[in-house]
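Asker: Quick one: the structure is below, questions incoming.
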Amino acid sequence: NEYKSYLRMAPVAEDAASNPLSRKLQKILSLKLDQDPDLLLALKGLSSVVQTNNLRTRRNLRGEFEKRSVELSEELCDSFRHVNSLIDRLSDEITDISNTCSEMTEKLASSRSQMSGLLQKTSQIKHDSEEVEMKREVIGAFIERYNITPEQSAILRNSQSVNHDFFDVMRRIKTIHQDCKTLLQSHQSTGLQIMENMALEQETAYQTLYKWTQVIL
């Protein structure tokens, strides 16, 4: 009813048929506002701008609309400035995250490189250790074949215990002498040194045996 009374305020000539403005006003007044949501929304917006219905407000209606339009534009600009500020902040945060990711990628690549070097060193150490162990076993087997133990050497020097062990050691020395003949073909210097050592052990055994015979006779 308020909107209809507002529209009726325009002057209407008595002869509606000959006045185009009157025909338009009559057409507007005949509209059913409840069935036109767009018009209701427009009138509601108009009522928020025009608080009082008088001649002065009607004359200043266009200015009020322009003022309201400027205010809405300023509010929209403020909103866009706020959104732009948020976007700038988000862009800075994304840049920081990107830089952090780049640093982590570089550190990860460096760690992988260091790990690769460490694995290579570990593999080399393992290989060297296996090689040393193999050499130790070879040396141990060589010594066992071409030498007598300290205990066996002690038996040859004890004239008080000439027994089966004593003669077993002497037979062991003789076997080493025989094996050295084969060794001389490939390692002459080593073979000669071993034969010399066994000759000394054998001479010691003969001296011990001589002392033992002197005692028992």
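Asker: Protein chains only, probe 1.4 Å: how do Y206, Y146 rank by accessible area, largest first?
Answerer: Working: Y206 120, Y146 20 Å².
So, going from the largest accessible area down, we get Y206, Y146.
Asker: Let me ask something else. Just the accessible area for I97, please: 1.4 Å probe, Å², rounded to the nearest 10?
Answerer: So the heavy atoms of I97 present about 100 Å² to solvent.
Asker: Let me know the whole percent of all Cα-Cα pairs from the range 114-217 that are separated by more than 20 Å. Intermediate results must be reported in sequence, preceding the final value.
Answerer: Working: 2923 of 5356 pairs.
Summing the P(r) of the range 114-217 above 20 Å gives 55 percent of all pairs.
Asker: May I pose another question? In the P(r) worked out for the range 128-189, what percent of Cα pairs fall beyond 16 Å? Working shown, then result.
Answerer: On the way: 1093 of 1891 pairs.
Every Cα pair in the range 128-189 considered, those over 16 Å come to 58 percent.
Asker: Could you order V132, V83 so the one with the most accessible surface comes first? Probe is 1.4 Å. Please report the intermediate quantities before stating the final value.
Answerer: Details: V132 95, V83 70 Å².
These residues rank, largest area first, as V132, V83.
Asker: How much of F80 can a 1.4 Å solvent probe reach, expressed as accessible area in Å² and rounded to 10?
Answerer: Accessible surface of F80 is approximately 130 Å².
Asker: When the chain is fully extended, how far beyond the present Cα-Cα distance does E203 get from Q114, taking 0.36 nm per residue of separation?
Answerer: 25.9 nm
Asker: Can I ask one more? Calculate the translational D of the range 90-158 in whole µm² s⁻¹ from Stokes-Einstein, where the hydrodynamic radius comes from the Kirkwood formula applied to all Cα pairs, the temperature is 4 °C and the viscosity 1.567 mPa s.
Answerer: Working: Rh = 17.5 Å.
D = 74 µm²/s.
The values are calculated or read from the model by the stated rules, or taken from the named source; none is laboratory data. In this text, all values refer to a predicted model and were calculated from it rather than measured experimentally. For accessibility, only protein heavy atoms count, side chains too; no ligands or nucleic acids. Shrake-Rupley method; radii C 1.70, N 1.55, O 1.52, S 1.80 Å.
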